[in-house]
Every structure is written in structure tokens, then in C-alpha cells.
1. Looking at this structure, is residue 47 modelled with pLDDT of 65 or more and under 21 Å from the mean Cα position of the chain (by Cα)?
2. Taking the conditions exactly as written (closer than 19 Å to residue 143 by Cα, surrounded by 14 or more Cβ atoms within 10 Å (Cβ to Cβ) and touching a helix residue (DSSP H, G or I) at 6+ places or on another chain (Cβ under 9 Å)), does residue 186 satisfy them or not?
3. Residue by residue through region 99-130, note down the ones that are touching a residue at least 40 places away in the same chain (Cβ under 8 Å) and either over 30 Å from residue 170 (Cβ atoms) or surrounded by 10 or more Cβ atoms within 10 Å (Cβ to Cβ) (or both).
4. Listed residues 146, 193, 163, 137; which is within 27 Å of residue 119 (Cβ to Cβ) and in contact with a helix residue (DSSP H, G or I) (Cβ under 7 Å, 6 or more places away or on another chain)?
5. Run down 164, 113 and say which single residue is under 30 Å from residue 59 (Cα atoms) and either modelled with pLDDT under 85 or in a helix (DSSP H, G or I) (or both).
6. Among the residues of region 131-153, write down those that are farther than 18 Å from residue 168 by Cα and not in a helix (DSSP H, G or I).
7. If a residue must be surrounded by fewer than 15 Cβ atoms within 10 Å (Cβ to Cβ) and in contact (Cβ under 8 Å) with a residue 24 or more places away in the chain, how many such residues does region 169-182 contain?
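The values are calculated or read from the model by the stated rules, or taken from the named source; none is laboratory data. Because the structure is predicted, anything quoted here is derived from the model rather than measured. Cβ: placed from backbone, ideal geometry, glycine included. Neighbour counts: every protein chain shown.
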């Protein structure tokens, strides 16, 4: 169970399919701006045009139950009392509160995705102070950068034919390499390997 989230805009869940009873009830209360009745297929088309789809859960499990007979109106449901599944009423009118059976796996998946995002941000965040490896990357002069830029351009990279653009392209790659791998030497080795692969690719494309 998750904590209730407070939002300024209320959200409504619209089912993908409805029973004839629900369709009839909706048709009796939904009207357009001119007072004409909007039939369910049209109303549903409006809703699905602006709504975000919610994937159905393959497996759910009942966590607890609540009896609708305890409340006089829907406002009272905010004070609903819940009971263990073992105290389910015999008449089958309980409101079942369910959760996904694979909730733990879903939470683990979301946590792993967030951790990966954090690691990515930490990897590519510049430090507060210049390091020797970053200084070497940023200090790459244009005549050293040009051969690499030419190789990547042959393979399809959109690099303007200007010295400053070629220099910026290569420095950016070197800087990312330093942040990701720690040293200028490692970043330079990777840049060379990528440039060599780009030349080979360009040769195959021309053949």
C-alpha cells in the first residue's frame, strides 16, 4: 500500500470496457455544451484522447476487505475501516483492496532504474575543481582534434567544416570519456578506437 498523494488536480479512472448498466448510467448524465446527450462511445473517445493508458495487472492479490454497508454515503468512505481477508463477509459484498502480486518485483525494478539514473548523473557531473585529466581534455588543440573529426564526419557525424566545431566535437568526446573512465589516457584510447571504427565503416559504405 502506498501513502496517499496530495495533488491539486483530481484524477479519474475511466474503464476501457463497461457493462450495459454503466453505459446507460453514463449516457443519462453526460451532455455536451449544447445540452445534447453524449453516448458512451463518443464520451469514451474523448476520455481516451487525453488519458494515459494503465496497463492491466496480470495477477493481483487481496490485501484486506472493507464492507460498503458501514457507510451511508461516499464521503464516509474516507473513514473506511478495513479488515483481514479472513474476516470476509459471507454475502460477497465486500470491497476488496488489492495490490499487484508482483509488487516487490515492480518496486525493485523502479529502484534499480532510479539507481541507474543517479549513477549516470554522478558519472557525468563535473567536479568543483579542475583535475589534470580534465585539463588535458579541455586543452586539446584544434590540429590534434581535426583528424578525429574528419574520421567521424566520414562516417556520418554532422560536424561543421570549421576548426572550432571540430575541436569542440572532439573535446566533448574526450571530456565525457574522462568523466566516465577516470583518466585522459583511457578517454584518448577510446576516442582513437572509435575514430578507427568510423574510418572502417566509411570505407565499407563507399565500397
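1. no
2. Here the answer is no, as residue 186 does not meet what is asked.
3. Answer for region 99-130, where residues must be touching a residue at least 40 places away in the same chain (Cβ under 8 Å) and either over 30 Å from residue 170 (Cβ atoms) or surrounded by 10 or more Cβ atoms within 10 Å (Cβ to Cβ) (or both): 99, 100, 101, 102, 123, 124, 126.
4. The conditions single out 137.
5. Numbers: 164 fails: under 30 Å from residue 59 (Cα atoms).
Testing whether each residue is under 30 Å from residue 59 (Cα atoms) and either modelled with pLDDT under 85 or in a helix (DSSP H, G or I) (or both) leaves just 113.
6. Selection gives 131 alone.
7. Taking region 169-182 and keeping what is surrounded by fewer than 15 Cβ atoms within 10 Å (Cβ to Cβ), we get 172, 180, 182.
Pick out the ones that are also in contact (Cβ under 8 Å) with a residue 24 or more places away in the chain and you get 180, 182.
Counting residues in region 169-182 that are surrounded by fewer than 15 Cβ atoms within 10 Å (Cβ to Cβ) and in contact (Cβ under 8 Å) with a residue 24 or more places away in the chain gives 2.
Let's see how each residue does on (1) under 32 Å from the mean Cα position of the chain (by Cα); (2) over 30 Å from residue 180 (Cβ atoms); (3) modelled with pLDDT under 75:
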{"residue": "5", "(1), (2), (3)": "yes, yes, yes"}
{"residue": "10", "(1), (2), (3)": "yes, yes, yes"}
{"residue": "16", "(1), (2), (3)": "yes, yes, yes"}
{"residue": "24", "(1), (2), (3)": "no, yes, yes"}
{"residue": "35", "(1), (2), (3)": "no, yes, yes"}
{"residue": "74", "(1), (2), (3)": "no, yes, yes"}
{"residue": "79", "(1), (2), (3)": "no, yes, yes"}
{"residue": "87", "(1), (2), (3)": "no, yes, no"}
